[in-house]
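Right, one structure below, let's go through it.
Since every read-out is calculated from the coordinates, none of them should be taken as a lab result. Predicted, not measured: the structure shown is a model, and the values here were computed from it. So basically every Cβ, Gly included, is an ideal-geometry build from the backbone, and we count neighbours across all protein chains shown.
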Amino acid sequence: MSHSDSFLSGLTVTRRELLGAFAVAAIASAIPLGAYAQAAAPASGTAQAIADHFSGVTTMQGEFVQFGPRGEQTGGKFFIQRPGKLRFNYDDPSPMRVIADGKNVAIGNMKLKTWDLYPLSKTPLSLLLAQHIDLSAGMVKGVKEESDLTTIALGNNTVFGNSTITMMFDPKTYDLRQWTITDNQGKDTSVMIFNVKTGMQFEDRVFRVPYETIPGTPQSRD
């Protein structure tokens, strides 16, 4: 699937927009990767403490506002269960759903009744949803600590190419505020989260991917 196709525009899905679909980022104040002048280095004590705290949050739910690379805006509700599970329900009129079940990421169009499937391990989203956030030197692309925000950029050139995920945390509470994913073309999709709750239990169906409706999967042939 080409990088030039559109995800929300025209209600089709691409790898580039897949990467962007999970961006929870600093909207207008997002710090581009180029702002990090230093080379990849081990994370600071503060960044490691934040990563450890976030890794300990096994479940989250709340609302989000997403800004695409062309300025398009949408919102909805999100659900996260570590490791590997996520669901985005977009508000009307968008018919989109995004579900990660620990193995794959499925992007669905509820109006057209179509789904596109991607391996979770091939998207930077896997770093956000990992059992433990890896802040080894090989993963850290940059860390920026300010009085009101700690920003951690992660990536793996071998797996994701130039794609990165940049997470932004409250330095006092260590709570995740926003994240962004920058694709291989340097395009950002940004999402801000709010009304976040943690520690709840989700039913299995929340993160169930409807494989039986996706052509080419074993379940669809049963």
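Taking the Cα centre of segment 70-222 as origin and assigning +1 to Lys and Arg Cβ atoms and -1 to Asp and Glu Cβ atoms, the resulting dipole is close to 300 debye. Going from the residue with the fewest nearby Cβ atoms within 10 Å to the one with the most, HIS132, HIS53 rank HIS132, HIS53. In this Cβ point-charge picture (+1 for Lys and Arg, -1 for Asp and Glu), segment 69-113 has a dipole of about 200 debye about its Cα centre. By the count of neighbouring beta-carbon atoms within 10 Å, fewest first, THR58, THR189, THR74 end up ordered THR58, THR74, THR189.
Estimated from the Cβ-Cβ distance and a Förster radius of 45 angstrom, the FRET efficiency linking LYS122 and LYS172 is about 0.85. Exposure proxy shown here: for MET167, MET192, MET200, the number of other Cβ atoms within 10 Å sets the order, fewest to most, as MET200, MET192, MET167. Placing a pseudo-label 7 Å from each Cα along the Cα-to-Cβ vector at ASP148 and ASN89 gives an inter-label distance of 3.3 nm. Scoring 173-180, 155-162 by mean Cβ neighbours within 10 Å over their residues and listing the highest first yields 173-180, 155-162. Between VAL105, ILE80, GLN131, the Cα set farthest toward the positive side of the dipole of segment 63-173 (charges on each charged residue's Cβ, about the Cα centre) is that of VAL105. Past 29 Å, Cα to Cα: identify those pairs from LYS144/LYS187; LYS77/LYS122; LYS113/LYS141; LYS103/LYS144; LYS113/LYS197, in the order given. Correct reply: LYS113/LYS141; LYS103/LYS144; LYS113/LYS197.
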